[in-house]
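Colleague: One structure coming up, written as structure tokens, with questions to follow.
Just so it is clear, none of the values below were taken in a lab; they were calculated from the coordinates. This is a predicted model, so every value here is computed, not measured. All Cβ positions, glycine included, derive from the backbone under ideal geometry; neighbour counts span all protein chains shown.
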Protein chains: 2
Amino acid sequence: MADPVKNVLICGAGMSATDLIFYMLEHAEEFNWTVTVGDIDVETATRKIGGHPRGKAVYFDCYDNNIMEQHIKDSDIVISLLPPGMHAATAKIALRHDAHVVTASYASQEMIDMHEEARKKDLTFLNELGADPGIDHMSGMRSIDSIRGKGGELTSFESYCGSLIAPKSNDNPWEYKFTWSPMNVILAGSTGACYYEDGNLRCVPYHRLFENPKKIEIPGFRDFEAYENRDSVSFRKKYGLEDIPTFIRATLRYPGFCEAWNLLIKLGLTANNYPIDDSENMTYRDWVSSYLPRGNVNLENRLADHLEIKRNGELHKKLLWTGLLSERPITRNYGTPAEILLDLLLDKLKFKKGDTDMLVFYERIRYRLNGELREHVSHLVTRGIDHEHTAISRTVGLPAAIGAKLILNGSVKSRGILYPWTHEVYQPVLDELAEFGIAYSSSDTLLEDSVADF
Amino acid sequence: MADPVKNVLICGAGMSATDLIFYMLEHAEEFNWTVTVGDIDVETATRKIGGHPRGKAVYFDCYDNNIMEQHIKDSDIVISLLPPGMHAATAKIALRHDAHVVTASYASQEMIDMHEEARKKDLTFLNELGADPGIDHMSGMRSIDSIRGKGGELTSFESYCGSLIAPKSNDNPWEYKFTWSPMNVILAGSTGACYYEDGNLRCVPYHRLFENPKKIEIPGFRDFEAYENRDSVSFRKKYGLEDIPTFIRATLRYPGFCEAWNLLIKLGLTANNYPIDDSENMTYRDWVSSYLPRGNVNLENRLADHLEIKRNGELHKKLLWTGLLSERPITRNYGTPAEILLDLLLDKLKFKKGDTDMLVFYERIRYRLNGELREHVSHLVTRGIDHEHTAISRTVGLPAAIGAKLILNGSVKSRGILYPWTHEVYQPVLDELAEFGIAYSSSDTLLEDSVADF
């Protein structure tokens with residue numbers, strides 16, 4: 001007997017959705033799915049469906065409740081790649097119409113609050129199943145479970161991830177391109193960060209977060225630097241490591257990025273909480289000069305002096321390369337500093353046709369076992385295949401797609417709000433990702449066998 | 001013939017509402033008003049009404065649309081002293097039920113967008129009619145109109161206001177108490193500020209806003225310091241001074257406050273965009289230490305060293321006086337840094353029974369007239385009468401009350417969104433405020449008659 005038909009709705013057909021759409025269509029016949037792809041840009045959705053007989057592109061505006069309802073009401077599962085703020089609204093409609101939900105974003109409080117209702121309706125709302133959050137959670141928990149299974153006691157857990165440009169396309173002074181949501185890059189870190197280190201809670205405010213990035217050397221690969229993610233503290237508990245002395249989740253960049261980005265923060269150009277009046281009558285030079293002290297030396301040197309960096313030095317050149325002090329007109333009116341900065345950098349840091357992106361995951365765990373202190377290290381590097389099948393699309397979309405399949409075919413049985421750090425989810429998803437070549441390399445070494453108190 | 005009865009609804013019976021309630025009740029008989037005072041704390045509303053036959057206290061929860069609607073629907077005018085974010089929701093209901101609106105807060109975009117609808121329904125939504133915004137707008141525009149009336153050309157407009165503790169109650173090292181919304185004090189300045197100076201747009205990010213306060217000497221009174229308000233730029237236009245080289249609106253504090261407050265900002269303790277997990281299991285000492293580098297010297301000295309201030313110096317003592325490094329337990333769980341800081345300072349900077357507050361307004365305008373450069377300076381200082389009839393209650397509540405009266409008795413005829421910098425509003429309100437002793441002293445002096453380019 002054939003499976004009854006199941007309707008899959010994918011909300012969002014953007015950069016991260018390509019491989020998700022491909023995967024769902026590829027399995028549509030086998031599992032008797034229909035795959036509806038909704039986006040405000042129907043053309044992109046249509047193109048990505050590529051005429052597949054089980055696929056359908058629809059106009060989907062996540063700010064229009066009627067349209068959302070119209071498409072969600074007949075779905076068995078909704079996979080949401082909408083902006084993070086829109087998942088809860090989507091899930092609320094799904095709840096009314098008995099549809100499961102999968103997202104690749106952090107679960108908001110509003111989402112978490114739907115747990116009981118979803119459970120009662122026999123629905124699974126599976127969150128944080130993308131790249132980061134997602135793959136990092138799954139690998140981390142697999143490693144934790146494995147070490148604990150051997151009787152090990154964890155003393156330190158560090159997890160790093162970066163969406164970067166592949167070395168061959170790394171051709172600008174910032175060594176960075178917008179391989180994922182540009183606005184999220186501009187605002188990254190703006191809440192500051194909290195984490196645990198050697199038993200101490202550490203908090204870093206935004207204006208110091210990029211100041212002293214940590215050097216991260218991935219053995220046999222290359223060097224990176226990292227700044228800590230927003231909220232490592234709550235994940236300590238979620239991972240069941242309440243008492244672990246060190247627990248850090250962080251973001252990777254190529255060396256040198258953070259120090260330069262910190263200058264934009266210090267200038268005040270990443271603020272997103274007030275609009276600049278009349279910005280469209282200014283050039284970037286006018287605008288940036290308003291953040292600099294007045295003086296007799298030229299603006300370029302005033303910028304360097306104000307930021308206490310060397311005139312004509314590398315950092316100074318990096319800043320000027322962006323066009324911050326150029327006569328380029330600002331096109332956006334009443335934009336926030338962050339939005340105005342975004343418009344400038346969109347061109348400069350553009351992920352261009354022919355460019356290849358790269359996702360890097362790195363995990364370092366220390367633990368005691370049989371009187372020894374050991375270190376487990378694993379990393380995963382995956383590069384994009386082409387400009388559509390990017391590393392970000394694969395690492396965000398494939399986990400979400402596999403998660404959706406597992407719910408639809410009954411392999412994932414937990415109901416209510418669910419996360420990928422449960423064995424039921426991480427084991428089959430990581431196994432299947434490995435078939436796509438998305439797999440970690442690990443090593444486990446003896447650090448010391450006489451350290452009393454690490 | 002008696003006036004037909006008019007129903008006045010006052011939303012909010014807190015600290016700033018006392019004199020508003022008194023004024024409306026005092027004139028209720030004369031103008032045939034009923035005065036309903038709504039608050040979630042009905043007891044306070046009842047007490048402030050004091051058994052007046054035309055007054056009624058009702059339970060009013062501005063987060064409950066049904067309750068709001070129930071009370072607004074029979075009102076002729078709604079005077080909202082609700083939290084700033086709630087005015088637009090109130091106005092929307094008022095629009096449906098044909099009620100005028102008065103607020104003492106900045107008009108939000110949502111409010112501004114109601115202009116046409118309000119105008120069509122013959123309603124006046126009068127905003128920014130309190131102390132600051134309010135009295136500052138009215139005095140400023142009266143001065144501007146007067147100078148222009150003489151043919152003067154303004155070159156500089158500066159307006160300062162502070163809600164402060166009166167000198168006789170100024171008895172803590174910070175020389176500050178919570179005479180108005182404590183949370184607004186904690187978050188003050190967090191959007192940074194933009195203003196115009198000598199023809200240049202100046203923008204200051206939050207982490208630098210309190211660094212170098214401007215010294216303000218009010219002639220014949222005393223010295224203050226000032227940090228710039230959020231958005232002076234848009235008011236340049238609103239006041240009709242599009243091309244004025246210098247335009248600054250700013251906030252006054254006693255000297256020394258800003259430098260100390262800046263240390264709290266630098267530490268990261270005023271951030272309001274992320275919660276501290278498990279905060280209720282910490283002491284203030286635990287919490288603040290998480291923001292400090294580790295080291296061997298004691299925490300008190302590490303605090304001083306990290307902030308680059310003198311150990312045991314005045315600033316260091318000011319910080320420690322707050323109890324930041326005390327073993328006091330944090331009571332709030334999952335609070336933001338700003339909320340946790342608020343809980344600490346609420347006690348320390350409490351406006352106590354017996355304390356007197358003080359509002360200080362200061363305005364400095366430079367202009368050219370007949371080849372001379374002249375300076376117009378005016379200031380207004382008003383102290384509270386007692387712990388209820390505070391300066392803040394009088395300067396916020398009386399303008400709003402008088403504004404409401406002017407709408408109800410037909411003196412203010414403009415419809416739609418209205419502001420107090422129009423002659424129709426500022427002239428009668430300032431005139432009546434003077435009867436309450438709330439009046440400016442002004443001077444006008446010749447600065448120079450040979451300055452070519454000021």
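Colleague: Any idea what the residue B:89 label distances to the other copies are, label 7 Å down the Cα→Cβ vector, nm, shortest first?
Modeller: 1.7
Colleague: May I pose another question? Excluding residues on the same chain fewer than 8 positions from residue B:150, give the lysines whose Cα lies under 29 Å from its Cα.
Modeller: Candidates past the 8-residue exclusion: B:237, B:238, B:413.
Colleague: Sticking with this structure for a sec: Can you tell me the length gained on complete extension of the stretch residue B:145 to residue B:172, counting 0.36 nm per residue apart and subtracting the Cα distance? Could you put the intermediate results ahead of the total?
Modeller: On the way: separation 27, 0.36 × 27 = 9.72 nm, distance 4.11 nm.
That works out to 5.6 nm of additional length.
Colleague: Go ahead and run the numbers for FRET between residue B:442 and residue A:223, Cβ-Cβ distance against an R0 of 56 Å, rounding to 0.05. Please report the intermediate quantities before stating the final value.
Modeller: On the way: r = 66 Å, r/R0 = 1.17.
That pair, residue B:442 with residue A:223, gives E of 0.30.
Colleague: Next up: State which entries of B:168/B:350; B:177/B:352; A:266/B:317 exceed 19 angstrom in Cα-Cα distance in the structure shown.
Modeller: A:266/B:317
Colleague: In whole Å, what is the distance between the alpha-carbon centres of region A:409-440 and region A:261-316?
Modeller: 47 Å
Colleague: Using the Karplus curve 6.51 cos²θ - 1.76 cosθ + 1.60 with θ = phi - 60°, work out ³J(HN,Hα) for each residue of region A:59-69 in order, rounded to whole Hz, and write x for Gly and Pro.
Modeller: So the J values, rounded to whole Hz, are 6, 9, 10, 6, 9, 10, 4, 5, 5, 4, 4.
Colleague: Another question, then. Mind counting lysine pairs for me in region B:6-127? Cα separation below 17 Å, and the two need to be 8 or more apart along the chain or on different chains. Working shown, then result.
Modeller: Details: B:6/B:56; B:6/B:73; B:48/B:56; B:56/B:73; B:73/B:92; B:73/B:121; B:92/B:120; B:92/B:121.
The number of close lysine pairs in region B:6-127 is 8.
Colleague: How charged is the neighbourhood of residue A:129? Take every other residue with its Cβ under 13 Å from the Cβ of residue A:129, and add Lys/Arg as +1 and Asp/Glu as -1. Provide the component values of the computation, followed by the final result.
Modeller: Values: positive: A:405; negative: A:128, A:132, A:136, A:424, A:432.
In short, -4.
Colleague: Follow-up. Counting only DSSP beta bridges with both residues in chain B, tell me the antiparallel percent, nearest 5. Spell out each step's value before the answer.
Modeller: Values: 46 of 78 bridges.
Roughly 60 percent of the beta bridges in chain B run antiparallel, per DSSP.
Colleague: Here is a further query. Which one of A:46, A:169, A:20 is farthest out on the positive end of the charge dipole of chain A, using unit charges on Cβ (Lys, Arg +1; Asp, Glu -1) and the Cα centre as origin?
Modeller: A:169
Colleague: Taking the dipole about the Cα centre of region A:261-348, with the C-beta of Lys and Arg at +1 and of Asp and Glu at -1, give me whichever of A:336, A:289, A:261 is farthest to the positive side.
Modeller: In region A:261-348, that residue is A:261.
Colleague: Another one. Of all DSSP beta bridges located in region B:149-271, what percent are antiparallel, nearest 5?
Modeller: Numbers: 14 of 21 bridges.
Of those bridges, close to 65 percent are antiparallel.
Colleague: Shortest first and in nm with one decimal, please list how far the residue B:439 label point sits from its counterparts in the other copies (point 7 Å along Cα→Cβ).
Modeller: Here the equivalent label points are 8.8 nm apart from this one.
Colleague: Pop the C-beta distance of residue B:311 and residue B:431 into the FRET formula with R0 = 51 Å and round what comes out to the nearest 0.05. Walk me through the numbers on the way to the answer.
Modeller: Details: r = 55 Å, r/R0 = 1.08.
Calculated value: 0.40.
Colleague: Per the helix-only calculation at 222 nm, which mean residue ellipticity applies to the protein assembly as shown, given -39500 (n - 2.57) for every DSSP H run of n ≥ 4 and division by its residues, nearest 500 deg cm²/dmol? List each step's numbers first, then the result.
Modeller: Numbers: 36 runs with 314 residues, N = 908.
About -9500 deg cm²/dmol.
Colleague: So for the pair residue B:119, residue B:332, with labels modelled 7 Å out along Cα→Cβ, what separation do we get in nm?
Modeller: For residue B:119 paired with residue B:332, the spin-label model returns 4.2 nm.
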